[in-house]
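The structure appears right after this line, and notes come after that.
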Amino acid sequence: MPVREQTVTPELVAEHGLGEQEHAKIKEILGREMTFTELGIFSVMWSEHCSYKNSILMLKTLPRSGPALLVEAGEENAGVVDIGDGRAVVFKIESHNHPSAVEPYQGAATGVGGILRDIFTMGARPIAALNSLRFGNPEDPKVRYLLDGVVRGIGDYGNSFGVPTVGGEVYFEDAYTHNCLVNAMAVGIVRTDRIARAVASVVDSPVYVVGSRTGRDGIHGATFASEELTEKSEARRPAVQIGDPFTEKLLLEATLEMIKDDLIVGIQDMGAAGITCSCSETAFSGGQGIEIDIAHVPVREEGMIPYETLLSESQERMLVIVKIGKEDEVKALFEKWGLQAAKIGKVVSGGRFKVYENGELKSDIPAESLALGGGTPVYKREEKRPARLDDTQNFDFSTIPVPDDPLEILSTLIATPNIASKQWVYRQYDGMVRTNTAINSGSDAAVVRIRKTKTALAMCTDGNGRYCWLNPRRGAQIAVAEAARNLACTWARPLAVTNCLNFGNPYKPEMYFMFAECVRGMGEACRKFDTPVTGGNVSFYNEDPDRAVYPTPTIGMVGMIDDVKYITTQWFKNEGDAIVLLGTNRNDLGGSEYLKTIHGKITGDAPYLNLDEAKRLGELIVAAIKAGLVHSAHDVSDGGLAVCLAECCITNPYDLFGCTIDLKSDIRADSLWFGEAQSRVVLSVEPKKLERLQKLADKYKIEFAKIGEVTRGQFELAGVGTLDPAALQTAYYSTLPELMSRIG
Amino acid sequence: MKFGVVTFPGSNCDYDAFTAVRDIVRQPVEFLWHGDADLKGCDLIILPGGFAYGDYLRAGAIARFSPVMKSVIDFANSGGLVWGICNGFQVLLEAGLLPGAMLKNRSLQFSCRQVYLRTENTTAPYTRHLEPGTILEIPIAHSEGNYYAPVKILDELEASGRVAFRYCSADGQLGDQFNPNGSARHIAGILNENGNVLGMMPHPERAVETILGSADGCRLFDSVVKSITAGSAKSISDQARVA
């Protein structure tokens, strides 16, 4: 639906989501009332999505520096970490929750497209994609429709673009029924001498828009993402962009060639708020201004007014600040790849972002007042600790009966959608293209080798809405610690973190408390693991009239593997290996999948975590693998120790094992088998190496226990009983396919 | 022996095929641009996987009209070796160099996974140095790999030994449960009448190093290089396994 020019009134300003004080401040900045075009610009640039106005103060408390960081959080489109050999890794995670909730296929697809552009706009070639997804109960057909659409969208975009989607996570909780979460992460590699920057720093440099034509799709996407979902949100479907991975592939190749040939001053991808955001941010970063004539932007549709062209979020576009004298080369390069490249303006001094239409001035705003880190509003919101936390954290677990048959419970848990294999999902993703994938989805973390070196990168996404809802600070710490533990199990040492913070309405003090606590917890954990936060994204307003999502900080972590020969997977490999548990079992059922599935309760405190112990455990695993003591390493997480052991037996792609477990403990049987106390890992080890491993564990002050043996027989818990591992395997792999083949 | 790898704008396995040949097979290799009709004197042309021109219409439907394909068709018709992998197989079908068509996978989903192939033909250059029935572990990654042809053509393919590979179990059994996409008679790859054109959905270039999960794809590269250079090449697969 075309937008018409309108007279700016206080009512219209309010409809654009700007508060009275914000309106007054804008008038002060401009010295006059806004034009209609300017109202559009301010409304998107001062929206939560672009300005981070309610989160930036908290984000600044995160550790953002480290010796290997080449670009710090917030300076560029993504963080850049030196990995030696003249290379750096560039990575970031971002949400596309709101669009996916109303149009799952395109919402998810363009989420992937957007994060890939963030990576290659810096000159890096994407080498891997990951994701983190949250949905409601899959018994609900609407939820299955969302899951199906989201997975297809992620798959179709990444598969066609040619990036391997190597990992991720999927969880189902009622809190996400109307607000699914779709967080997409991308990882790229760049030569350190070819890192491109998002700056318009040289006056008179020509400014180009390249890639797709600009249409009416996605107008006000950023504003849409900055409000709660309601029944009216369906009407926002036109605010969802349409993805074209083929064009993105062409844009990737053209962009990397342009950077390699040294043709540009700066470049920024067009995501939220399109031309407006890319022009104002590059101008501000470059310390200059930009003047464009909107009539020169190649458009898809007739009659678009400047307001529409400026706010369009049409995909697969970049803003390029071309070096003076290199215009012909840029044009020839884009012609080779069959893409548009149109000059729309130039860099000017004076720091203003001016928009003309056929020479007529439509907007004239100081770029600084629009840019994050410049003059956009910054708010500190009120925090209030929810009273419910007193109830849940003091929950009396003696009211929960200890079940008689742990094996029956294991059979149930292994087939719950949260624990069952996500193979139905990840087989729809090409995880192998570019032929560097050493560990694909289905182990603790993915591993992608770096060609022409001995090294590889390990990567994973981790989040836990339930724990954060029960204890936001520790829940966020656990997300970081689990990511680090997942990486350690592959033999990686953590490098850095990107994060996606998914929360409800920040104007509600209890929600803001959970947001602030999560950020504090994440910061504490990241400091402990020496993993600076290189960037990320905040998504508020994941809320509908009924409820908000669980506070869900998603951690994307990347780690370094110095030699590919040490890469380790989670599954058992040899009959006769000893099974070792590293870490301490605790009476700890809070927030567990067991408590939810078997007893129908989501309560208690988040599980036990000691950050020092977590760090030592990671170092121990890495040392043990390097010493040649370990055949497999698997993190104990959802479903606890029993589920972890079952997964070790049944997830080897080439083999199926049983085990005999003999474990004595004073703690409740259900805590022992299904509690989710943190900092525990199950290893399989050649028996003659047990002594060396034990000594190493002592050195790192981590509890060591030989708890059993890998067999070709049953899954046996001594003194309890046995299960057929083939039956466990069938249940584990068939749950999601059966759910998703259900009609109605 | 010189390999050529065609790059359509939406090819995304061109680099994988290129590096497999350069780094593992260790033979000369060049990229061939889709807009350029020159095959640069290559002995074997690989049409790689990907989404040639986006494939929003039908996989391979536009690629057959590209300048490079006119040359590839002439080259194939004069006996030149042309190897279509995944999207390359789809292009060969659209170009009429091989019979039949691709339907959507039985699951109606994209499917990426390791599969087993049973080698059915051992006379073509690609398979001449394999034992009949050799089982290869090679991954697939496609949404349109459900091979279809009329019964008469399927019978002809079988009768003339032009079924190159079938999907099977790890020990060579045939069955629907081992067929990942529903293809007719479990067909994973077929040859033209002269055996110089091979189309296959699985990706041998993704199975050339043990770190990638399998090095069985080397067996095919090995065979074709041996067939052309007549015994001068060492066993590539052995080299790769060691590497």
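Before moving on, here are some points about what is shown:
- Put simply, the C-alpha atoms of the range B:3-242 give a gyration tensor, and the ellipsoid matching it has half-axes of 23, 22, 17 Å, longest first.
- Order of A:SER592, B:SER183 under a 10 Å beta carbon neighbour criterion, fewest first: B:SER183, A:SER592
- Residue exposure sequence - B:TYR56, A:TYR566, A:TYR307 - by fewest surrounding Cβ within 10 Å: B:TYR56, A:TYR566, A:TYR307
- Order by protection proxy (mean Cβ within 10 Å, highest first), peptides A:637-646, A:725-734: A:637-646, A:725-734
- Counting, for every residue in B:207-213, the Cβ atoms of other protein chains within 10 Å of its Cβ and taking the mean gives 5.
- Residue mean of other protein chain beta carbons inside 10 Å, A:157-165: 4
- Pair-distance profile P(r), taking every C-alpha pair of the range A:70-199, with 10 angstrom steps and integer %: 14, 41, 28, 14, 4, 0
- Leading residue at positive end of dipole, the protein assembly as shown (Cβ point charges), from A:ALA341, A:MET459, B:ALA215: B:ALA215
- Between A:LEU12 and A:GLU575, the modelled label-to-label distance comes to 7.9 nm, taking each label 7 Å out from Cα in the direction of the beta carbon.
- In Å, descending, principal axis extents of the Cα set of the range A:609-744: 55, 32, 32
- Toward the positive end of the charge dipole of the range A:673-744, with +1 on the Cβ of Lys and Arg and -1 on the Cβ of Asp and Glu, the farthest Cα among A:ILE743, A:TYR733, A:GLY675 is that of A:GLY675.
- Ranked by the mean number of other Cβ atoms within 10 Å per residue, highest first, peptides A:477-486, A:371-380 order as A:477-486, A:371-380.
- Charge dipole (chain A, unit charges on Cβ, about Cα centre) - positive-most of A:GLY188, A:SER441, A:GLY303: A:GLY188
- For the pair the range A:113-164 and the range A:700-738, the centres of their Cα atoms are 32 angstrom apart.
- Protection-proxy order for peptides A:419-430, A:94-105, B:60-71, each taking the mean of Cβ atoms within 10 Å per residue, highest first: A:94-105, A:419-430, B:60-71
- Neighbouring partner chain Cβ atoms per residue of A:431-442, average, 10 Å criterion: 6
- Computed from point charges on the beta carbon alone (+1 for Lys and Arg, -1 for Asp and Glu), the dipole magnitude for the range A:413-528 about its Cα centre is near 460 Debye.
- For the set A:LYS60/A:LYS92; A:LYS326/B:LYS2; A:LYS422/A:LYS626; B:LYS2/B:LYS70; A:LYS249/B:LYS2, the pairs lying more than 26 angstrom apart at their alpha carbons are A:LYS326/B:LYS2; A:LYS422/A:LYS626; A:LYS249/B:LYS2.
- Cross-link check: pairs A:LYS323/A:LYS343; A:LYS53/A:LYS528; A:LYS25/A:LYS346 evaluated at a Cα-Cα cut-off of 24 Å; pairs beyond the cut-off: A:LYS53/A:LYS528; A:LYS25/A:LYS346.
- Stokes-Einstein, applied to the Kirkwood radius of chain A over Cα pairs at a viscosity of 0.890 mPa s and 25 °C, places its translational diffusion at 93 µm² s⁻¹.
Any read-out appearing in this document is the output of simple, stated calculations on the displayed coordinates, not a laboratory observation. Source: prediction; values computed, not measured. We place every Cβ from the backbone using ideal geometry, glycine too, and count neighbours over all the protein chains shown.
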